[in-house]
Amino acid sequence: MTLFLIASLAGQGVVFDADQVDSVVDIGEVVAVPRAAPSVRGLTALRSRVVTVVDTRRALGLEPMPPHIRRAVITKQDGHYYAMLVDALDDIETFETSPMPHVPASRGAWSRAANGMVVRDGEPLLILDLSRLVPHATPILA
């Protein structure tokens with residue numbers, strides 16, 4: 001059994017492994033970053049540190065999140081903090097995991113970030129790996 005944070009994202013129930021979650025917050029003002037990856041909404045200050053704010057829907061190749069969304073899951077990846085925006089948060093619960101089911105090509109973005117599923121009250125919830133949603137820097141060619 002593994003402990004997960006339950007959330008919703010673009011109408012889909014999802015869970016995040018609690019080991020990848022530093023905290024859950026409502027972020028403040030976000031400052032845009034020129035030439036950032038499309039999934040990067042910008043930067044924000046959180047507990048005296050700069051945090052990269054990621055539009056999780058865009059990271060999945062979906063329509064962008066509405067600008068009023070402020071709820072975020074904070075994760076630390078490769079020594080950097082990221083605020084991963086979510087539509088809503090529900091609860092923390094332990095689940096037994098199952099392998100990732102076949103995902104149709106039309107929902108392929110989900111399969112890139114999902115590494116399994118759990119079932120809660122008969123509803124399948126995808127296990128999203130936060131490290132797979134973090135934008136990776138690409139070199140700028142001169």
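Within region 1-11, can you find the residues that are part of a strand (DSSP E or B) and touching a Lys or Arg at 6+ places or on another chain (Cβ under 8 Å)?
I6, L9
Do any strands (runs of 3 or more DSSP E) entirely within region 12-55 hold 2 or more residues that are closer than 17 Å to D90 by Cα and out of contact with any Gly (no Cβ under 7 Å at 6 or more places or on another chain), and if so, which?
Once the strands (runs of 3 or more DSSP E) in region 12-55 are filtered for at least 2 residues that are closer than 17 Å to D90 by Cα and out of contact with any Gly (no Cβ under 7 Å at 6 or more places or on another chain), what remains is 12-17, 23-26.
Could you list, in sequence order, the residues of region 93-107 that are surrounded by 11 or more Cβ atoms within 10 Å (Cβ to Cβ) and either at pLDDT 60 or above or closer than 11 Å to I127 by Cα (or both)?
Answer for region 93-107, where residues must be surrounded by 11 or more Cβ atoms within 10 Å (Cβ to Cβ) and either at pLDDT 60 or above or closer than 11 Å to I127 by Cα (or both): E93, F95, T97, S98, M100, P101.
Identify, by number, the condition in (1) touching a Phe, Trp or Tyr at 6+ places or on another chain (Cβ under 7 Å); (2) open to solvent by less than 20 Å² (accessible area, probe 1.4 Å); (3) at pLDDT 95 or above that T52 doesn't meet.
In the conditions (1) touching a Phe, Trp or Tyr at 6+ places or on another chain (Cβ under 7 Å); (2) open to solvent by less than 20 Å² (accessible area, probe 1.4 Å); (3) at pLDDT 95 or above, T52 misses (2) alone.
When the residues of region 69-89 are filtered to those that are under 16 Å from E29 (Cβ atoms) and not in a strand (DSSP E or B), which remaining residue is most open to solvent (accessible area, probe 1.4 Å)?
R70
So that you can scan it fast, the table gives a plain yes or no per residue for (1) acidic (D, E); (2) closer than 20 Å to R132 by Cβ; (3) open to solvent by 40 Å² or more (accessible area, probe 1.4 Å):
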position: L3; (1), (2), (3): no, yes, yes
position: A10; (1), (2), (3): no, yes, yes
position: G13; (1), (2), (3): no, yes, no
position: Q20; (1), (2), (3): no, yes, yes
position: P34; (1), (2), (3): no, no, yes
position: G42; (1), (2), (3): no, no, no
position: A45; (1), (2), (3): no, no, yes
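Here is a list: L89, L141. Which entry is of a type outside the set (S, T, Y) and at pLDDT 90 or above?
Working: L141 fails: at pLDDT 90 or above.
Result of the check over L89, L141: L89.
The values are calculated or read from the model by the stated rules, or taken from the named source; none is laboratory data. Computed from a predicted model, the values in this text were never measured in an experiment. Don't worry about glycine lacking a Cβ; one is built from the backbone with ideal geometry, like all the others, and counts go over all protein chains shown. Heads up: the accessible areas ignore ligands, DNA and RNA and are worked out on the full protein's heavy atoms, side chains in. Shrake-Rupley method; radii C 1.70, N 1.55, O 1.52, S 1.80 Å.
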